[in-house]
Amino acid sequence: MNTDGRGLVLDEKLLFEQSQPDRIGYSISELDVPSATPQDNLLRDEIEGFPELSEVDVVRHYTRLSSWNYGVDSGFYPLGSCTMKYNPKVNEAAARLPGFAGIHPQTPEALNQGALELMYQLQQALGEVSGFPCLTLQPAAGAQGEFTGMLMIRAWHEANGQKRHKVIIPDTAHGTNPASAALCGFEVVTVATDGMLSKEAVAAVLDDEVAALMVTNPNTLGLFEKDIREICELVHAHGGLVYCDGANLNALMGISRPGDIGIDVMHFNLHKTFSTPHGGGGPGAGPVGVVEKLEPFLPCPVIVENQGQYAFDYERPQSIGRVQSFYGHFGILVRAYSYILAMGGEGLKRATQLAVLNANYIRARLEGVYDLPNPQRSLHEVVFSEAALGNGCHTLDVAKRLIDYGYHPPTIYFPLVVRGALMIEPTETESKQVIDEFCEAMLAIAREAEQEPEKLHNAPTRARVRRLDEAAAARKPKLRWM
Amino acid sequence: MRYLPHTDAEIQDMLGTIGVGSIDELFSGIPQNCRLQRDLNLPAAKSEAEAMALLGKLAAKNACSDQWDTFLGGGAYNHFSPAVVDHLVSRSEFYTAYTPYQPEISQGTLQAIFEFQTMICQLTGMDVANASMYDGGSACAEAVLLAVRTGRKRRRILLSGALNPQYRQTVATYCQHLDVELVQVPVAAGHTDLKALESMVDDNVAAVVVGYPNYFGQIEDLAAIAKLTGAAGARLIAAVAEPLALALFKSPGELGADVVVGEGQSFGIPLSYGGPGIGFFAVKNRDMRALPGRLVGETVDLDGKRGFVLTLATREQHIRREKATSNICSNQGMCTLMVGIYLALHGKQGLRKLAQVNYAKAAYAKAQIAALTGFEIAFAGEHFNEFVVLCPEPVAALKTRLEQEQILGGIALGRDFPELPNGLLVCVTEQNSREQIDRLVNALAGGQA
């Protein structure tokens, strides 16, 4: 517990407020060709308001800003659904090798065989973990992976002469699922769940207009959908396909493969399961795995291997097209591959086992004090509700009070089916000591809610700022300086 | 395993607290018919030294821009990145954090994004910029979606034939099921054909999309295009693949663009085989609430102290679900930071100076190549960094010849532009010394002997 530190918190103005006319922080080599300027009428005036700072100013500015942040390297970050595991440093070193960081995407394939080989091998490894024979690495993030996968599903139906326009999505799904389906022109049919998706609930809305069922497995309550095989068979029997959001793959590595149990398409989140950094919001990477029959629809280009030589195949008449420029977030792919090399097959399975152990241990330690709405055996994360909190204390207050105890809060108010959800995902890289201390903090906060609720209502008091007025920010948006 | 801290004794202890006898019991919720009945068929774990050796071998098989004279552009640009950029983004308080949902402990990320949004506005001449998109291509596609959303019943999008072809393809992917018609505007002399555009833009057109500079490096007459577009009530989307040009040429906002999107990779982000880069997205105030993606806004805390939060979230998927403005739920945080640091370092004067250097280098190369017998500069007019060379020999053979001299001489245009079978898109930046340019020119001439 980090409760007795009172660090030095430095103030720092905006870049623009520190700017001084004619101060410079750049160096540019002297021009070794004749100077030249475009015609006058096309030239702009100076960029008004742009900063003028020295290198020291800039270094200090961002160093100070960094001290106002909390990352996985700062401490425990049990953000449910986000899999905030440790980001190995060697991955960063690997991505910065000049032979990876310095290669131009328009270089002929024959001259970038190492990059293509890495991408090919990563596809093979992800395929082995998931059970999907065919993959694309192009999607930039999980949400773009969903979009890519759903486009392929639509293309497959259309290739079979079918214009199916509905997609079934359980009420526990991430918001990106319905948003991605809508972007593909699908109509979303939401089904209520009772923690688990039932065959009956799916059967009730299944008809020959349904293109796909979109599930998350394990679902956002951390529960493995126990009827998933039968549900997939049911959807297939009606001519539909099944999409799986791979957000929770960290619960399954080496234990269960979505491609083996009837799922047709799944996206990976390399920034969750495969340890690449979240970067304060990105970049991630959202590769997609599919069953054989969807292979013709993969985004263009596809990597092909022929006797140890790798190339991009652009001649893909049934492809859904490209979802961004070039080949994906290559720098992130290098990091994920580096992680897989470090873990090996056995290590990936061990990671899953320990992630599930950690989550269940937290559950065992907090159950009874915090309300656990779903009694079933959960896997890599555990979701409590705010039902047991008294004195007008809510989930938001617990989250903010955790900040005072030195932790990043869990995911809150998601999934929507739980009242005041507190969704805790510890991941495998946290030790028993770290988790014990976190549990002590959670228990202390529950006691405070009983005895000193104002401590929760006033939290946080130890962060750089206190609670911020989000309503005012939205009412009168100020989205830039000046 | 070095990333897994549990000792056997701790595991036993934890299992005891949970009340189960083994880790396997924790997986009892997974039916037997869903279990993998074998071990994963992946290589055994490697030590850090072994893994780095293996990765180093793969890296060594690639044509790195450190060792090759690179004249490739086409949406990814070889610029120098000061050491400060990588040094600062390597601070793990930044890169190991998540999206700043808890603003009290994310003020670093939030203020940096607020500053990024501001600098993008200043550079593009627009009112509001979001916290970034995946890349230039997908940002361009999202701009088209915005135009369709806000364009009421307008159902046609005009895409300049001189737009980056990968942007065009990405737009096509995003729009394929949205009851939107994509129509290409012809190109005349390397620029969007204004006459043709005038006859095509009408009250069914939601947006006109034009590259600035365009794919051939040419500076489009954006003011004229804006006039035609505006007269028809459509939105003008300027797509900027090389934003360094905006330090020198008039900003799209000043010239009348309604939406400015683009790729920020030029500003300090490594080439990295084309990704990750960063898409930027800026609009005028009227489209603020139609923006896709994250937005950071200024506010105050309970004590009245300035702070920053994610805002206008009611546009977004986690609240609006299938009715959201976009399915995007991330921004390119780490790349946002690189761009912010890079722009702050170069500042008002440095960015302009750098753009001038790039312009002069390309002008020199253009003049030298134009003087070669048989080679021709395809298009007149102003350009930035890139220009099209018409070659007297098949481009594939020419490129191979250059590669033998460790030169990546340009992009063959034939595949994307069949009307330019001998076209080579050459890109020159501050990274290309005069010596390199002369070597390229000599190598090109070599084929004539």
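List of remarks:
- Hits among lysines - C-alpha to C-alpha of B:K399 under 22 Å, sequence gap 8 or more where chains match: B:K61, B:K361, B:K366
- Our summary gives chain A a relative contact order of 19 percent, counting only alpha carbon pairs under 8 angstrom and 6 or more residues apart.
- Rounded to the nearest 20, the Cβ-based charge dipole of chain A about its Cα centre (Lys and Arg +1, Asp and Glu -1) stands at 580 debye.
- Cα-based helix-to-principal-axis angle, B:333-370 vs chain B, degrees rounded to 10: 20
- Rounded to 5, percent antiparallel among DSSP beta bridges of the protein assembly as shown: 55
- Counting only other chain Cβ atoms within 10 Å of each residue's Cβ, the peptide B:19-28 averages 4.
- Hits among aspartates and glutamates - C-alpha to C-alpha of B:K323 under 18 Å, sequence gap 8 or more where chains match: A:E146, A:D171, A:E187, B:E142, B:D179, B:D287
- For a paramagnetic label modelled on A:A472 (point 7 Å from Cα along Cα→Cβ), amide N atoms under 13 Å away belong, within segment B:281-304, to B:298-304.
- Residues whose amide H comes within less than 5 Å of that of B:Q184, counting only those at least five positions distant or on another chain, are B:L159 (H built at 1.01 Å from N in the peptide plane).
- Order by protection proxy (mean Cβ within 10 Å, highest first), peptides A:263-276, A:196-209: A:263-276, A:196-209
- Candidates A:H238, A:Y77, A:V369 compared by Cα position along the dipole of chain A: farthest toward the positive end lies A:V369, with charges placed on Cβ.
- Average beta carbon contacts from partner chains per residue of A:454-461, 10 Å cutoff: 1
- Evaluating 6.51 cos²θ - 1.76 cosθ + 1.60 at θ = phi - 60° for every residue in segment B:164-169, the Karplus couplings come out as 3, x, 6, 5, 4, 5 Hz, glycine and proline recorded as x.
- Length gained when the stretch B:K323-B:T7 is fully extended (0.36 nm per residue, less Cα-Cα span): 109.0 nm
- Taking a straight Cα-Cα cut-off under 18 Å and skipping sequence neighbours fewer than 8 places away in the same chain, the aspartates and glutamates within cross-link reach of A:K455 are A:D4, A:E386, A:D397, A:D404, A:E440, B:E104, B:D301, B:D303.
- In Hz, Karplus ³J(HN,Hα) per residue of segment B:27-41 (6.51, -1.76, 1.60; θ = phi - 60°; x = Gly, Pro): 9, 5, x, 9, x, 4, 6, 10, 8, 7, 9, 8, 7, 5, 8
- Net lengthening on full extension, B:D438/B:I377 (0.36 nm per residue, minus Cα-Cα): 20.3 nm
- Cβ-Cβ FRET estimate between A:A110 and A:T190, R0 fixed at 30 Å, reported to 0.05: 0.05
- Estimated [θ] at 222 nm from DSSP helical runs (n ≥ 4, -39500 (n - 2.57)) normalised by residues in chain A, nearest 500: -10500 deg cm²/dmol
- Dipole of chain A, positive direction: furthest Cα of A:I261, A:G420, A:A212, with charges on the beta-carbon: A:G420
- Cβ neighbours within 10 Å from other chains - mean over A:400-408: 2
- Between A:R23 and A:A93, the contour length at 0.36 nm per residue exceeds the Cα-Cα span by 21.9 nm.
- Here the peptides A:440-453, B:119-132, A:307-320 are ranked by packing, the mean other Cβ count within 10 Å, and the order with the highest first is B:119-132, A:440-453, A:307-320.
- Given +1 at the Cβ of Lys and Arg, -1 at the Cβ of Asp and Glu and no other charges, the dipole of segment A:144-286 around its Cα centre is 380 debye to the nearest 20.
- Charge dipole (debye, nearest 20) of chain B; +1 at Cβ of Lys and Arg, -1 at Cβ of Asp and Glu: 900
- Around the amide H of B:I30, modelled in the peptide plane, lies no amide H under 5 Å away from a residue 5 or more places distant or on another chain.
- Positive-pole candidate from B:Q67, B:Q37, B:A97, dipole of chain B, charges at beta carbon: B:A97
- For A:A141, the amide hydrogen comes within under 5 Å of the amide hydrogens of A:G286, counting only partners 5 or more places away or on other chains and with H modelled in the peptide plane.
- 20 Å Cα-Cα threshold exceeded, pairs from A:K272/B:K57; A:K478/B:K348; A:K272/A:K349; B:K284/B:K305; A:K163/A:K199: A:K272/B:K57; A:K478/B:K348; B:K284/B:K305; A:K163/A:K199
- In sequence order, segment B:137-153 has phi-based couplings of x, 6, 5, 4, 5, 5, 5, 5, 4, 4, 5, 5, 4, 8, x, 6, 8 Hz under the Karplus curve 6.51 cos²θ - 1.76 cosθ + 1.60, θ = phi - 60°, and Gly or Pro positions carry x.
Bear in mind that the values in this text are calculations on the coordinates, not laboratory data. Since the model is a prediction, treat every value here as computed from it, not as a measurement. Using ideal geometry, Cβ is built from the backbone for each residue, glycine included, and neighbour counts are taken over all protein chains shown.
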